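Worksheet: the structure to be examined is printed underneath.
The values are calculated or read from the model by the stated rules, or taken from the named source; none is laboratory data. As the structure is a computational prediction, the values presented were derived from the model and not from experiment. For neighbour counting, all protein chains shown are included, and Cβ atoms are generated from backbone atoms with ideal geometry for every residue, glycine included. SASA here: full protein model, heavy atoms, side chains in, ligands and nucleic acids out. Shrake-Rupley method; radii C 1.70, N 1.55, O 1.52, S 1.80 Å.
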Amino acid sequence: MSLVAMTSCDMDAPSISALDESTVFSTYSLAESEVMSIHVSFGETNSYRGRFLPYYGVNTDVEWGNRPSYADRTSDKQSLWNYATKPGNGQMNTTNNAYAKFYEGIERANLAIKGIRQYGNIESNPDMAHLLGETLTLRAVIYNDLIKAWGDVPARFEPNNSDNMYLGRTNRDVIYKQLLADLEEAEKYCYWANENKITKTTERVSKDFVKGLRARLALYAGGYGLRGDGYRRSKDADLAPEKMYEIARKECEEVIAHGSTKLGTFKENFTKLCEDNTTAGGESLWEIPFSDGRGRVLYTWGVKHQKADQYTAQAQGGVNRAVPTLFYDYDVDDVRRDVTVVPYQWSSDLVNGNAHVELTAIHQMCFGKLRYEWMKRIVTSTNDDGINWQYMRLADVYLMAAEAENELGNTSAAWNYMQPVLARALPADKVSALQAKYTAGQQAFREGIYDQRALEFAGEALRKADLVRWGNIDQKMAEAKEKLRRLANRTGEYEGLPDKVYLYPSEDKDDIRIYGMNKGEDDKAVIETLTDYASKNWFVSNDANTITDDIIDGLYINQPSMNCLWPIWQTFIDTSNQMLNNDGNYGQLSD
């Protein structure tokens, strides 16, 4: 195979020599290699691996980037998170960052789609047809993330050539309609999970994921977004909310009814992810695959390890952290809480090479869904851990189905899809209480969706896009600041929380003992028995609130709805032959 480089205003990507196309795309193994090469663009240093997955999605009302700071608001990292991003951002304004690598992946996909359509004989070769569906889906994944981060972007659905070298921004509605059509086509070609040897792993696209992704895209397309004339829904009748909810309802309910993937326990999903268990049929629908030496998933979203210890040779984790109010948003009996948010990290003090757990600060609690201590191998890389990024899981499909049914006026049917997600998280009596609360009316259920998607998916970088599409990002972010102020002062719903938290300094991941995180856990008789525990003032340090005004004010700097997109980086503006700009709300087109 001959690969050559073709350069454009917004991408550098290979193309396959025309001489070899007929051979490559008529032979399954060769065509499969070309499709798999799209994954290379996911794993490039500054692509999903080191820029998009670490930085897109924070700050929200449940996730933030380690420690927000108003005083440090103009630094490159803070300004990527705090709704004040500039085109010259030092973390992103390079020719090899995520924006460029996304278009590299799209070019690889475009070449494969063209080649398979022309030479793949998909009418008589179902495996080759699956490859076409898989490629259409991978391209949709990338476009989905381009639009989430940058809004209206150049639409490239054909391989690069002299006629399309320089393109301006395209109305995202055009792109959404193309993607929805592409995924409808892909459904016809792709196998269900475990239906074929190709789909026995969550690292390959299955029909379950195609349908789930189409539902997600429909909800985004029918939702709110920042455009050139403001923050609003689409004016395109084809993308009317009721039509998009109907697509989401249909797709999600077909996945659930087919039953080729199933919910397990909440914790099991994440332990399997950390164990590199990619067997299809469980909760995970599709994962961005990283080899052992690539990917910064645990590095960014995992529990912090400060030294090489009994669980890892990599001193990383905890780059992104939980907004501390999240812990207290959970019911004390919700099994998701202690999996999702942990008030500890692993110590820098080692005894015979072993670290022990130690309390973090209240504003630096780690996400616990991803843990080095759950892995079956020791991470030895300096920066990469090789854990896959779980792009979609079945609980999302259930809650999208619930949301769609409710928005279509079927609140009682909506509960049938929310119930399985809550039943595995809460005692039966508390599930029944939520049923009565949420099914009181459409708005009550809508509020339930807002709450439960936060509790279910915190630390999975879905929240920001949810808040944007719902049209309530300003409200929820303002509420987050006010909740942080109440938590800092222990007023309102946080009144009565104990002054101190106690943690047994265990070296064993399965022996984590904490006292003081819940109301009522300040019993002096109990505390007197905690002689081997380390303690920490949880809310006050040096006679001042640990959650400072600087932290709270740093959560967002500008109005989130009007600043929820990243600009196209200056390096691409400068080389676009004047086709790209960041005018207005970063140049979005109104119609």
(message) Testing Met165 on (1) open to solvent by less than 40 Å² (accessible area, probe 1.4 Å); (2) outside any loop (DSSP other than H, G, I, E, B); (3) hydrophobic (A, V, I, L, M, F, W, C), one condition comes back false. Which one is that?
(response) (2)
(request) Quick one: count up the residues across region 140-162 that are open to solvent by 10 Å² or more (accessible area, probe 1.4 Å) and within 18 Å of Leu213 (Cα to Cα). (result) 1
(request) Restrict the check to region 171-186 and report whether at least one residue is touching a residue at least 12 places away in the same chain (Cβ under 8 Å), farther than 30 Å from Lys272 by Cβ, open to solvent by 30 Å² or more (accessible area, probe 1.4 Å) and outside any helix (DSSP H, G or I). (result) no
(request) Scan region 114-128 residue by residue and report those that are assigned to a helix (DSSP H, G or I) and open to solvent by 10 Å² or more (accessible area, probe 1.4 Å). (result) Lys114, Arg117, Gln118, Tyr119, Pro126, Asp127
(message) Report every pair of residues separated by at least 6 positions or lying on different chains whose Cβ atoms are under 6 Å apart, first residue within region 221-237 and touching a residue at least 40 places away in the same chain (Cβ under 8 Å) and of a type in the set (Lys, Arg), second part of a loop (DSSP other than H, G, I, E, B) and open to solvent by less than 40 Å² (accessible area, probe 1.4 Å).
(response) Arg227/Gln588
(message) Suppose the filter is open to solvent by less than 10 Å² (accessible area, probe 1.4 Å), under 19 Å from the mean Cα position of the chain (by Cα) and closer than 18 Å to Asn144 by Cβ; does Tyr48 pass it?
(response) yes
(request) Filter region 238-250 for residues that are out of contact with any Gly (no Cβ under 6 Å at 6 or more places or on another chain) and without any contact (Cβ under 8 Å) to a residue 60 or more places away in the chain and give the result. (result) Ala240, Lys243, Lys250
(request) Looking at (1) out of contact with any helix residue (DSSP H, G or I) (no Cβ under 8 Å at 6 or more places or on another chain); (2) open to solvent by 60 Å² or more (accessible area, probe 1.4 Å), find the lone condition where Pro498 falls short. (result) (2)
(request) State yes or no: is Tyr224 out of contact with any Asp or Glu (no Cβ under 8 Å at 6 or more places or on another chain), of a type in the set (Phe, Trp, Tyr) and open to solvent by less than 30 Å² (accessible area, probe 1.4 Å)? (result) no
(request) Could you please give the count of residues in region 344-364 that are β-branched (Val, Ile, Thr) and closer than 12 Å to Ile512 by Cα? (result) 1
(message) Just the residues that are part of a loop (DSSP other than H, G, I, E, B) and free of Cβ contacts under 8 Å to residues at least 24 places away in the same chain, please, taken from region 476-495.
(response) Thr491, Glu495
(request) Please give the number of the condition Asp510 fails out of (1) under 31 Å from the mean Cα position of the chain (by Cα); (2) touching a residue at least 12 places away in the same chain (Cβ under 8 Å). (result) (2)
(message) For region 266-294: of the residues being among the polar types (S, T, N, Q) and touching a residue at least 60 places away in the same chain (Cβ under 8 Å), which is farthest from Lys376 (Cα to Cα)?
(response) Ser284
